[in-house]
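K.L.:
I have a structure here, written as structure tokens, and I will follow up with some questions on it.
The values are calculated or read from the model by the stated rules, or taken from the named source; none is laboratory data. What you see is a predicted model, and the numbers here were worked out from it, not measured in a lab. Neighbour counts run over all protein chains shown; Cβ positions are idealised from the backbone, glycine included.
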Amino acid sequence: MSQMIVRRVNWRDESPEDELALSEEWLVANGLGGYSSGTLSGIATRRYHGLLVAALPTPLGRTVMLNHVLETLIFSNGNKINLTEQEIHNTRMEFAALRRLKSFHLEMGLPVWRYEIEGLLLEKRLYLPYQQNTVHICYKVLECTEPVRLELRPAVNFRPQEAAVESMFVDPSEYVFSVHDDYFRLEGEKFPPLHLKMQGGNFTFTIDRRRRNDIFFRLEAARGYTSVGEFWSPGYFAVTLEKGVEVTFTCSTESPETLRLLSPEEVFDLEVKRRFHLLDMASIPADAGLPAELVLAADQFIVTPAGRAEEAARARASGEEVKTVIAGYHWFTDWGRDTMISLEGLTITTGRHHEASFILRTFAKYVRDGLIPNMFPEHGKTGLYHTADASLWFFHALSRYMRITNDRETLRVILPKLLSIVEHHLRGTLFNIGIDPEDGLLRQGEEGYQLTWMDAKVKDWVVTPRRGKAVELNALWYNALNILAGWLNDEDPAQAANLREHALRARQSFNRRFWFDEGGYLYDVIDGPNGSDKACRPNQVFAISLDFPILDEERWASVMNVVEHRLLTPVGLRSLSQEHPDYKASYRGDLWTRDAAYHQGTVWGWLIGPFIDAWLKLHPNDCDGARQFLAGFEQHLGEAGVGSISEIFDAEAPFTPRGCIAQAWSVAEVLRCWVKCSPTIRRTIT
């Protein structure tokens, strides 16, 4: 087997170990939308942290089934050491266990902890079988001077992952706990049963039902949410550990029969082999560093949505699969816009062309009124269509897929949907999305809706409404018309010519009306409620970066100079320049405060992709120079969501990561551009 890809977390001198272990996080996904995630310390600080967050059929959605496991070591001298302590409200805790955490690292994206205590060196690993709602936690003694007793107390609270932490969706008095030959079963009303197992060593299980209602979730408190929750435990496992002994605790919503098919060791070996296969498909060398890690990170977002069982059954009956993209962990579901922007980096760059086809076909089935869904709610089956750009990104994603695969069958299936999208835009569709007959430009906007990717909304307040003619929407519209015209050249040349006429008119109007001569860049929105918006934002980059740039070439250098000097950071582009009165330097505080900053300065990692695309059009032979814009992400892989890339960052140094700890389009665009700017890897892939 090739060498493992390892990401080590180094304790930073300027940050106490305790604080680092509480702030940095890890995540392992299962290919269904479910996951296991927590802090390095093992202490749950978010409502979304859990060792098993299962992806369950609609209407349940992703559900926290196993919140955490209390791990206690008991030595022969009577000393009791807790490996993981859960923080208690209103009690000052020293977290002594954190100082016994010798190291943390990822091997092939899977977390490994090592603890050093009184002559004992204990290793813990966690892994999830692919496309199962199961977690295995393995403990192995690497060094010891005497046997030691390990007690494991599972702590449960069946609740939707987004529910407040104090919510107890099943009263503990209603839990039914039963003992079977090789597993234990815990049932709660409305939820599937949870199966608990221990394998390896001679273990016992002691039933002593316990309930705690004073568990503190510190990140929830910092974000302005309810922060004191509870859990219930049926009892605890106990097993004696000696050098070389390996024991595994398993928790699962799968059937006992499924759990008996493979031993934990076999599951681990198969999962590691699957991850090496991902590197092989992507043609990424095992020692390629950042791109190899990002290939593994990309795998977290490509899922078979467990919640839409009926849709999956229909697809399989026709020889297809339902595939989609989770926009970000922990709280996002699958979003149309994020999926189409991410598709190239997640699937085409990684060689997962078959899955790319399924994703494109899946979304094509949902086209309605010329729009693809903006998102699928966590607990629903019906998509929401309040987006003006996702449908136009659909053309871009399919074009990048066709460039590599030339899959004419997928194009044949989707082409009628694309024609429908253009027809609806030409005559007008939902949310006032449509072409202005006066100048051929795309306009959009409806009171109370946020239809572009700058979509922050708090109650009735739309932070950046951008009603009117937005710069990136018109760049995407022009790009889509030219892409579609190219596909129709042979079979319908008259239609292709008509599309190019619409494209030409849009381009002429765009260059006449969007140029802000005084600033040397592009208006963000024209014909809005307050006229033209000269805020300097990153959206103008798309007028250059797309395959068919709508902006006249003689203006590219001026725009890119402004963007580079006002918006570029080591981890992406600011969403608003610093001199604007609405600029916010940091993203923190309660929901209202955070959303007020979400697109008002906050840095977005994914925007480094279109920036590099546009920059390379001006400097086509300087891949090394373009690659320097990605350097900040290498260090970032060791912080926040270790091994992945965050959603957003503060707008000023030290550019603290915020939002989701693992974001699909951040990972996708950094990976895509790293490969694009690395001639050796690029030649291997193509």
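K.L.:
Would you please name the residue that is nearest to the chain's Cα centre (by Cα), looking only at residues in the range 146-177 that are at pLDDT 95 or above and not hydrophobic (A, V, I, L, M, F, W, C)?
P.N.:
Of everything passing the filter in the range 146-177, Pro154 is nearest to the chain's Cα centre (by Cα).
K.L.:
Please go through the range 414-448 and pick out each residue that is over 14 Å from Asn474 (Cβ atoms), in contact with a helix residue (DSSP H, G or I) (Cβ under 6 Å, 6 or more places away or on another chain) and either surrounded by fewer than 19 Cβ atoms within 10 Å (Cβ to Cβ) or charged (D, E, K, R) (or both).
P.N.:
Scanning the range 414-448 gives Lys417, Glu446.
K.L.:
Kindly provide the set of residues from the range 486-500 that are out of contact with any helix residue (DSSP H, G or I) (no Cβ under 6 Å at 6 or more places or on another chain), modelled with pLDDT of 95 or more and within 17 Å of Ser399 (Cβ to Cβ), ordered by number.
P.N.:
Gly486, Trp487
K.L.:
Is it the case, given these coordinates, that Pro581 is without any contact (Cβ under 8 Å) to a residue 40 or more places away in the chain, surrounded by fewer than 21 Cβ atoms within 10 Å (Cβ to Cβ) and either in contact with a Phe, Trp or Tyr (Cβ under 9 Å, 6 or more places away or on another chain) or more than 28 Å from Lys457 (Cα to Cα) (or both)?
P.N.:
no
K.L.:
Would you please name the residue that is surrounded by the fewest Cβ atoms within 10 Å (Cβ to Cβ), looking only at residues in the range 78-133 that are modelled with pLDDT under 90 and acidic (Asp, Glu)?
P.N.:
Per the stated criteria, the residue is Glu94.
K.L.:
Cβ contacts < 7 Å: first residue of a type in the set (D, E, K, R), restricted to the range 300-318; second residue modelled with pLDDT under 70, any location; separation 6+ or different chain. Result?
P.N.:
Taking only residues 6 or more apart or on different chains, the pairs are Arg308/Lys381.
K.L.:
Please work out which one of (1) in a loop (DSSP other than H, G, I, E, B); (2) modelled with pLDDT of 95 or more; (3) polar (S, T, N, Q) is the condition Thr250 fails and give its number.
P.N.:
The failed condition is (1).
K.L.:
Could you go through the range 321-335 and let me know if any residue there is acidic (Asp, Glu), surrounded by fewer than 21 Cβ atoms within 10 Å (Cβ to Cβ) and either under 12 Å from Trp665 (Cβ atoms) or without any contact (Cβ under 8 Å) to a residue 60 or more places away in the chain (or both).
P.N.:
yes
K.L.:
Give the range 135-171 a look and list any residue that's among the charged types (D, E, K, R) and not in a strand (DSSP E or B), or say none.
P.N.:
Residues satisfying the conditions are Glu146, Glu162, Glu166, Asp171.
K.L.:
OK, next. Quick one: which strands (runs of 3 or more DSSP E) lie wholly within the range 27-85 and hold at least 1 residues that are touching a Leu at 6+ places or on another chain (Cβ under 7 Å) and small (Gly, Ala, Ser)?
P.N.:
Per the criteria, 35-39, 50-56.
K.L.:
Give Ser558, Ser545 a once-over and let me know the one that is surrounded by fewer than 19 Cβ atoms within 10 Å (Cβ to Cβ), modelled with pLDDT of 95 or more and of a type in the set (Ser, Thr, Tyr).
P.N.:
None of the others qualify; the one that does is Ser558.
K.L.:
Moving to a separate point now. What are the residues in the range 496-532 that are on the phi < 0 side of the Ramachandran plot, touching a residue at least 12 places away in the same chain (Cβ under 8 Å), among the charged types (D, E, K, R) and not in a loop (DSSP other than H, G, I, E, B), if any?
P.N.:
Arg500, Arg505, Arg507, Arg513
K.L.:
What are the residues in the range 623-682 that are touching a residue at least 60 places away in the same chain (Cβ under 8 Å), charged (D, E, K, R) and over 27 Å from Ser41 (Cβ atoms), if any?
P.N.:
Answer for the range 623-682, where residues must be touching a residue at least 60 places away in the same chain (Cβ under 8 Å), charged (D, E, K, R) and over 27 Å from Ser41 (Cβ atoms): Glu652, Glu669, Arg672, Lys676.
K.L.:
Could you list, ordered by first residue, the pairs with Cβ atoms under 7 Å in which the first is in the range 108-136 and hydrophobic (A, V, I, L, M, F, W, C) and the second is surrounded by 18 or more Cβ atoms within 10 Å (Cβ to Cβ) and part of a loop (DSSP other than H, G, I, E, B), at least 6 apart or interchain?
P.N.:
Correct list of pairs: Met108/Ile5; Leu120/Cys144; Leu128/Asn30; Val135/Leu128.
K.L.:
Which of the residues that make up the range 466-485 are polar (S, T, N, Q) and over 17 Å from Ser399 (Cβ atoms)?
P.N.:
If the condition is that a residue be polar (S, T, N, Q) and over 17 Å from Ser399 (Cβ atoms), then Asn474 is the only one that fits.
K.L.:
Right, here's the next one. For the range 326-371, how many residues meet the condition of being of a type in the set (S, T, N, Q) and under 28 Å from Pro160 (Cα atoms)?
P.N.:
Qualifying residue count, the range 326-371: 4.
K.L.:
Same structure again: Here are some conditions: (1) loosely packed, with under 15 Cβ neighbours inside 10 Å; (2) without any contact (Cβ under 8 Å) to a residue 24 or more places away in the chain. Ile207 meets all but one. Which one does it not meet?
P.N.:
Failing condition for Ile207: (2).
K.L.:
Hey, can you tell me all the residues within the range 182-204 that are among the hydrophobic types (A, V, I, L, M, F, W, C) and free of Cβ contacts under 8 Å to residues at least 60 places away in the same chain?
P.N.:
Phe184, Leu186, Leu196, Met198, Phe203
K.L.:
Would you mind listing the helices (runs of 4 or more DSSP H) fully within the range 262-357 where at least 1 residues are of a type in the set (Phe, Trp, Tyr) and closer than 26 Å to Thr405 by Cβ?
P.N.:
264-282
K.L.:
Looking at (1) among the aliphatic types (A, V, I, L, M); (2) within 30 Å of Pro160 (Cα to Cα); (3) at pLDDT 95 or above, find the lone condition where Leu419 falls short.
P.N.:
All conditions pass for Leu419, except number (2).
K.L.:
Select from the range 284-309 the residues that are of a type in the set (Gly, Ala, Ser), modelled with pLDDT under 85 and surrounded by 20 or more Cβ atoms within 10 Å (Cβ to Cβ) and write down the one among them that is farthest from Gln635 (Cα to Cα).
P.N.:
For the range 284-309, the residue satisfying everything is Gly307.
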